[in-house]
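Below: the structure, in structure tokens.
The values are calculated or read from the model by the stated rules, or taken from the named source; none is laboratory data. Since this is a predicted model, take the numbers as computed values, not measurements. Cβ placement follows ideal geometry from the backbone for every residue including glycine, while neighbour counts extend to all protein chains displayed. When the accessible area is computed, the model is the full protein with side chains, heavy atoms only, and any ligands, DNA or RNA have been set aside. Shrake-Rupley method; radii C 1.70, N 1.55, O 1.52, S 1.80 Å.
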Amino acid sequence: MKIYIRSSSCISPQNTFGNEGFLTDIVEYTGTRLKAIEPDYKEFIDPKQIRRMSHVIKMGVAAAKDCLNQGKKEMPDAIITGTAFGCLEDTVTFLTRIVEQDEELLPPTAFIQSTHNTVAAQVALMLKCHGYNNTFVHKGISFESALLDAIMLLNEQEADNILVGGTDEMVDASFKVLTRLGLYKRQSVSNLQLYTEESRGTIGGEGAVFFLLTDKASPDNLAELSAIKTLYKPKNIEESIIAFLTENSLKINDIDLVITGRNGDTRNDEVYKNLGNTLFRSSSLANYKHLCGEYSTSSSFALWLAANIVKKGVVPEAVIEKEVNLTAPKRILIYNHYQNKYHSLMLISAI
């Protein structure tokens, strides 16, 4: 069975939401952290509810509703999200109040909204959707796990249209902890110079990306999600990629564009560098983390990018790393890893 991406909506540190140009107006940041550009939420959420929602819930609900609008669907059959850290802002608020108020008279709102499945639940509540609702919290492959679940549901013909999303936010507390653990750079850097500044650490990011998956062919579909695979600490990633392509009756020369998860961290990028000299040496290459930053579900941004590239037949100048006969790519491979533990491969084809 073929799985199609009907529509997609992305809130990120770039102008990706709504009917903006396709990464033509790139936003430059100087620092070690990128913040999402937030839309006018009043178009999607009741103003009375907005003030009770944290940053990630607002992003998730707006992206989900916009995705449905673009797909011309009022009600999905299932809602599945992937998130590594969930609603961090509410979690931090609740834990801080426990300390400040000596564990007494705690307002419950922050606790209620601190659970990882709050985004999927809020979307379902607002749509009055009583269908299958699930959230995957699998660190660096949370979004891919949500996609795999959606694909299984479609294959089992349990649903026709599934809303799948990847959401994560960056708050001051998590940013400080992850910087201390060596994930992010300690010196300011321009996101557009991320790959020329060779040093340890990357830049933090956040975002919410939703997709409407269906098994129904239509000229309105963005792209076909041909295959997906997740790997944990693979012994030989080159062999794993070749095996993945072979499973789908393909060779590396059949791939028009490879989108990798390079993030400017010398340790992290070693894998991509080696592949660039071996398996990908004759391939057109693109990067995306200088635009959205590094976060656990950033591969959702890569999928949004790939789906739009095959639909529009244009590769934005800002993402190109190496160009080899790059005209209207029909088949794109996304290879990303998070902290060199959680690896994922996605194959996107034109419809």
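Each residue was assigned an accessible area with a 1.4 Å probe, and for K216 the value is about 100 Å². Atom-type composition of the exposed protein surface of region 59-129 places 56 percent of the accessible area on carbon and sulfur (1.4 angstrom probe).
With a 1.4 Å probe rolled over the protein heavy atoms of all chains, the accessible area of Y232, Y4, Y132 falls in the order Y232, Y132, Y4, largest first.
Leaving ligands and nucleic acids out of the surface, order T96, T32 by accessible area at 1.4 Å, largest first.
On the way: T96 60, T32 25 Å².
Correct descending sequence by accessible area is T96, T32.
Counting charges near T214 (Lys, Arg +1; Asp, Glu -1) among other residues having Cβ under 11 Å from its Cβ returns a value of -1.
Overall, the anisotropy analysis places region 194-351 in the rounded class: the square-rooted eigenvalues a ≥ b ≥ c of its C-alpha gyration tensor yield a/c less than 1.5.
Report P(r) for the chain: all Cα-Cα distances, bin width 20 Å, range 0 to the bin holding the largest distance, values in whole percent. Taking every Cα pair in the chain, the percentages come to 32, 59, 9, 0. When the helices of the chain are scored as -39500 (n - 2.57) per DSSP H run of n ≥ 4 and the total is divided over every residue, the value at 222 nm lands at -9500 deg cm²/dmol.
Solvent-accessible area per residue for the chain at a 1.4 Å probe radius, Å²? Let's see the in-between values first.
Numbers: 15610 Å² over 351 residues.
Result: 44 Å² of accessible area for each residue.
Between T24 and E100, the contour length at 0.36 nm per residue exceeds the Cα-Cα span by 22.7 nm. Largest accessible area first, the listed residues F111, F136 line up as F111, F136 when surface is computed with a 1.4 Å probe on the assembled protein chains. Take the Cβ atoms of K251 and N340, set R0 to 30 Å, and the FRET efficiency comes out at 0.70.
Please give the FRET efficiency for N325 paired with R52, using the beta carbon to beta carbon distance and R0 = 56 Å, rounded to the nearest 0.05. Don't jump to the answer; show the numbers that get you there.
Working: r = 52 Å, r/R0 = 0.93.
Efficiency for this residue pair is about 0.60.
Rolling a 1.4 Å probe over the protein heavy atoms leaves F143 with an accessible area of roughly 0 Å².
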